[in-house]
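Please read the structure below before turning to the comments.
Computed from the coordinates by the stated procedures, all read-outs in this text should not be read as laboratory data. Here the structure is a predicted model, which is why all the values come from computation and not from measurement. Here the Cβ positions follow ideal geometry from the backbone for every residue, glycine too, while neighbour counts run over all protein chains shown.
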Amino acid sequence: MTCKASRSRPCSRKSYPRSNMLGFKRIGAILLGLSSLWTTVAVPLEAHNLTDTARSFLTTRAKNAVPSAPRFVIYSDKFVSGETGPPPVSMVQGYNVFALSFLLTEGAFDKAEEWTQLTDAQRSSVKSQYAAAGIQIIVSLFGSTDAPTSSGADPVATANTMAAFVKQFNLDGVDVDYEDFNAINAGDGRAEQWLTDFTRQLRNQLPQGQFILTHAPVAPWFSPGKFGGGAYLTVNQNVGSLIDWYNVQFYNQGTSEYTTCSGLLTTSSGTWPQSALFQIAASGVPLSKLVIGKPATTGDASNGFIPTSTLAQCVSQAKNQGWSAGVMVWEFPDAAAAWIQDVRSIAFPE
């Protein structure tokens, strides 16, 4: 998918063709079979036939499983030859959240689907190794190929099904990568209400403190007065207390947007006013929840790339001004342990 930014339609995270999209198999078939339930209010957990391992996970899950700031988040969607599921933990040392992408309304694809291909024992082994390194494994929802509001998906039923996936497959939570731009741009409030209802039901199913629940909006969706429904300023007002943090996409929004420390941190352009980091905080979004998101390379986004040496300086400047939320990157393997080590080197050395 190729996307060009404009004032009316900010681009999504992905700017390359999804040529590696995998056919969904066991869990995809389960979720697709549940599509008739989208208009129902609840999907009983027992209906998903959880394995004994998953039930044990739910009954023994430790409290306070959400990492404290700073959060260092890496997404994984690309096919890696010879690798099913997450990479060896040494390759992502320095992060504390690893996001498998994506779980869609029609099923699990790409790295999320690969996770379902592992056996319970294999998943348990990976989880143990990652936990020992202080890394939580979550699943990212929707992405650029899914438009749940525009397609008429019921937010409560969708939340129930996706929360059941998390529990069945022993994951630490979800990231809501909502990129239904047509719904947000409509300005009628439907997108904001959908996200509100969806987030509330996700949190009902995935209790706060026990499961991670993040959102990954593009930075312009925090720009005051640009969207009729208020975009993520409305979402934050409605359900911000239920969201652990925001993996803000400071990229794909124009060739000169968020490409300097000033533009990223304090003074966004007139195209997307008041959408730099500290400007978003000034609009009422907690600074502690604003994780800076960047592409790993110029090939991972249409624009918005900053070299790690420059990004490290920006992160240090932000920390000196009272911010410590963390950094997100799209995506592995273009970013790995060395990438986050460079970015953390000044402000958050390991």
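Numbers at a glance
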{"read-out": "Sorted by Cβ neighbour density within 10 Å, fewest at the top, the residues Met91, Met162, Met328", "value": "Met91, Met162, Met328"}
{"read-out": "Contact order normalised by residue count of the stretch 26-344, Cα under 8 Å, 6+ apart, percent", "value": "19 percent"}
{"read-out": "Pairwise label distance in nanometres, Ser128 with Glu106, each label 7 Å out on the Cα-Cβ vector", "value": "3.8 nm"}
{"read-out": "Per DSSP, loop GluC sites (Glu not before Pro) in the stretch 63-162 with at most 13 further Cβ within 10 Å", "value": "none"}
{"read-out": "Computed E for Asp342/Arg190 - FRET, C-beta separation, R0 51 angstrom, nearest 0.05", "value": "0.75"}
{"read-out": "Estimated inter-spin distance, Thr266 and Ala65, nm [label 7 Å along Cα→Cβ]", "value": "4.1 nm"}
